[in-house]
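The values are calculated or read from the model by the stated rules, or taken from the named source; none is laboratory data. The structure displayed is predicted, hence computed values, not measured ones. Reconstructed Cβ throughout: ideal geometry from the backbone, glycine too, with neighbour counts over all protein chains shown.
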């Protein structure tokens, strides 16, 4: 699984209607290349899912162009806009036949409300669990991958109880809460409140043009040009979130934070930062 924090000129600006097909930061810096490298098929069949987006056709074409630049010529668009579309026989056949899916950004609540409890999601989970089948998601597409999902929360007010709204995600990754555009939009308090409310979950904050590759179901490897922030609430001692009224500032003691850059690894099972291999160069 590959979760990407979004990129300004492809996520944020695109959703505002500014299409910049020739300026793909995360493509140029290799995040999409990482996704393609995980596909075992030499002529991969990729399907793009733009359900979260308000401009699905433009977003889909952007991804198709990017994947084609990476040598993927069999890229389709599963244009799913409502729950009825998830039962479309053609879409289900294409899902069963493809080697990889990519969820675009937009509104993550559209993903959970449309795919939750459907045969489409069951097939997708089965392929993910039983085949060598990469699933990619950026921005909202990344946030929906976890079992617990943030669907709303003003970053400027995220230190106040009740300002961060959470619900059930698509569930590809359990006991994790993913937030995106993390540094650009100042979302540390937002993710920290979500973790304070569910200390058993590990918060993963993804910067723009940055992501994680999840292997073996529990090893996170940072990729891209920015930082991945891990928030671990297992050792929280004092936590007032259950006792204060809505709108009051939260207090949390002994929250653990790790900052990862490209190549660093984090083990979700042991809750340990494993770092990356250090290559020492020498000169004659």
Notebook entry, point to check: Could you list, in sequence order, the residues of segment 182-206 that are under 13 Å from the mean Cα position of the chain (by Cα) and either at pLDDT below 95 or more than 14 Å from residue 6 (Cβ to Cβ) (or both)?
Noted result: 203
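Quick grid of which residues meet (1) within 20 Å of residue 6 (Cβ to Cβ); (2) at pLDDT below 95; (3) surrounded by 23 or more Cβ atoms within 10 Å (Cβ to Cβ):
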{"site": "118", "(1), (2), (3)": "no, no, no"}
{"site": "126", "(1), (2), (3)": "no, no, no"}
{"site": "140", "(1), (2), (3)": "yes, no, yes"}
{"site": "144", "(1), (2), (3)": "yes, no, yes"}
{"site": "161", "(1), (2), (3)": "no, no, no"}
{"site": "177", "(1), (2), (3)": "yes, no, yes"}
{"site": "221", "(1), (2), (3)": "yes, no, no"}
{"site": "225", "(1), (2), (3)": "yes, yes, no"}
Checklist line | Among the residues listed as 136, 153, 76, the single one being at positive phi and surrounded by 15 or more Cβ atoms within 10 Å (Cβ to Cβ) | finding: 153
Item checked: Subset of segment 247-274 [buried (at least 18 other Cβ atoms within 10 Å of the Cβ), part of a loop (DSSP other than H, G, I, E, B) and out of contact with any helix residue (DSSP H, G or I) (no Cβ under 7 Å at 6 or more places or on another chain)] -> 264, 268
Margin query: Need pairs with beta-carbon distance below 7 Å; first residue on the phi > 0 side of the Ramachandran plot and in a strand (DSSP E or B) and within segment 212-232, second modelled with pLDDT under 95 and surrounded by 20 or more Cβ atoms within 10 Å (Cβ to Cβ); sequence gap 6+ or separate chains.
Written below: 224/26; 224/31; 224/209; 224/210; 224/211
Margin query: Can you name every one of the strands (runs of 3 or more DSSP E) wholly within segment 134-198 that holds 1 or more residues which are within 23 Å of residue 39 (Cα to Cα)?
Written below: 135-138, 146-152, 173-179
Margin query: Take the conditions more than 24 Å from residue 5 (Cβ to Cβ), in contact with a helix residue (DSSP H, G or I) (Cβ under 7 Å, 6 or more places away or on another chain) and assigned to a helix (DSSP H, G or I) and apply them to residue 114. Does it pass?
Written below: no
Item checked: Residue identified as within 24 Å of residue 114 (Cα to Cα) and in contact (Cβ under 8 Å) with a residue 12 or more places away in the chain among 175, 239, 189, 235 -> 175
